[in-house]
Ligand code: P6P
């Protein structure tokens, strides 16, 4: 039979999830269903983003989120879509969203999972047609099944994540996720409405020559960061900064590189949120052989103290993250030496 006449379309996300579920001997399918619920919401959000110029979903929504940031209409739409998909899917008892001040109780008292999500990151890029993304973390609840999700369920450190992922709405739309057994990427085929496995077992290069940083904040960067940026320039590295975390992270994951958002005068604890941005991408980075640090230590070991807390983020190729930490620690030693004298 000449099967070249009908080339296989590849492995759908659904089939991949079912196959991987067999890797979890006690899996009962709830996590698989939860991942499908997220993929469904991503398809819907993707459709609305792709029509943004044609329907009235661009521009500011007219109010601020808990972060004091101007919400874009698509921020609100994406938030509604993901919350609705997770609530209707039944597997999630509580949600932490960048767009919501407090924990969202879904009413699924028997739901075993918690999701922390940034429904649409980089939304200031929507009106200028630059790629944006969704970032999510999945935790198992620690409170008793049959009750409402609790703050304790939501305030788990990143090492307790059981899954994490992102969607990048770019030149193509991709969903990239891990359940702690490597990282796999799926590309969306809109004509079929399916995500297909396109990037199996993603591994990030140990090092690279790309650094991603908004140097507009340079004057208030920690000295160690300033010294690292000088090191990059002395070594002929390339600066690449899209201003959309998921896009910068995704490029660096594939090509090698480091993304740096340090503490600045405007953001003394960094800008990015620990629970639904830093931890999720840190899990993926580590599963792909990379690293994620706050400049002093591992992002995933940070103990959360509040839902929307921020953290400095240095993430990407392991040797590049190590080098940034080296410069940061050298400055600490220098300061300690000066203080001691
Ligand atoms: P700045 C978008 O608002 C975001 O959260 C990330 O996606 C992005 O990397 C960063 O903030 C951009 O921040 O201060 O460089 O505009």
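Would you be able to tell me the number of residues in the stretch 97-125 that are within 16 Å of the ligand (Cβ to nearest atom) and surrounded by 24 or more Cβ atoms within 10 Å (Cβ to Cβ)?
From the stretch 97-125, those within 16 Å of the ligand (Cβ to nearest atom) are 97-99, 116-125; that's our starting set.
Those still in the list that are surrounded by 24 or more Cβ atoms within 10 Å (Cβ to Cβ) too: 97-98, 116-121, 123.
Adding up the residues that qualify gives 9.
Which count do you get for residues in the stretch 297-318 that are within 20 Å of residue 206 (Cα to Cα), more than 14 Å from the chain's Cα centre (by Cα) and not in a strand (DSSP E or B)?
Of the residues in that region, 3 qualify.
Every residue in the stretch 126-137 that is more than 10 Å from the ligand (Cβ to nearest atom) and under 10 Å from the mean Cα position of the chain (by Cα), please.
134, 136, 137
Return a yes/no flag: does the stretch 319-341 have any residue that is assigned to a loop (DSSP other than H, G, I, E, B) and closer than 16 Å to residue 211 by Cα.
no
State all residues of the stretch 215-235 that are surrounded by fewer than 16 Cβ atoms within 10 Å (Cβ to Cβ), assigned to a loop (DSSP other than H, G, I, E, B) and within 16 Å of the ligand (Cβ to nearest atom); if no residue qualifies, say none.
Hits for the stretch 215-235: nothing passes.
So which residues in the stretch 228-241 are more than 20 Å from residue 311 (Cα to Cα) and in contact (Cβ under 8 Å) with a residue 40 or more places away in the chain?
Step one: list which residues in the stretch 228-241 are more than 20 Å from residue 311 (Cα to Cα), which gives 230-240.
Matches in the stretch 228-241: 231 only.
Restricting the first residue to the stretch 46-71 and requiring it to be more than 19 Å from residue 267 (Cα to Cα), which pairs with a second residue that is at pLDDT below 70 meet a Cβ separation below 8 Å and a spacing of at least six or different chains?
Close Cβ pairs satisfying both conditions: 48/55; 48/57; 51/57; 52/58.
Quick check on the stretch 255-277: of everything there that is within 13 Å of the ligand (Cβ to nearest atom) and part of a loop (DSSP other than H, G, I, E, B), which residue is farthest from residue 219 (Cα to Cα)?
If we take residues in the stretch 255-277 being within 13 Å of the ligand (Cβ to nearest atom) and part of a loop (DSSP other than H, G, I, E, B), then 271 is farthest from residue 219 (Cα to Cα).
Give me the pairs: first residue in the stretch 174-197 and on the phi > 0 side of the Ramachandran plot, second residue outside any strand (DSSP E or B), beta-carbon distance under 7 Å, and six or more apart or on different chains, which are they?
180/287; 182/201; 182/287; 193/43
From the list 238, 244, which residue is away from the ligand (no atom under 13 Å from the Cβ), over 20 Å from residue 138 (Cβ atoms), touching a strand residue (DSSP E or B) at 6+ places or on another chain (Cβ under 8 Å) and at pLDDT 95 or above?
Numbers: 244 fails: away from the ligand (no atom under 13 Å from the Cβ).
The unique qualifying residue is 238.
May I ask you to verify whether residue 162 is under 27 Å from residue 78 (Cβ atoms), away from the ligand (no atom under 16 Å from the Cβ) and in the same structural domain as residue 330 (by TED's automatic domain parsing)?
Spelling it out, it is not the case that residue 162 is under 27 Å from residue 78 (Cβ atoms), away from the ligand (no atom under 16 Å from the Cβ) and in the same structural domain as residue 330 (by TED's automatic domain parsing).
The values are calculated or read from the model by the stated rules, or taken from the named source; none is laboratory data. If you're wondering where the values come from, they're calculated on a predicted model, not measured in any experiment. Heads up, the Cβs are rebuilt from the backbone with ideal geometry, glycines too, and the neighbour counts pull from every protein chain shown.
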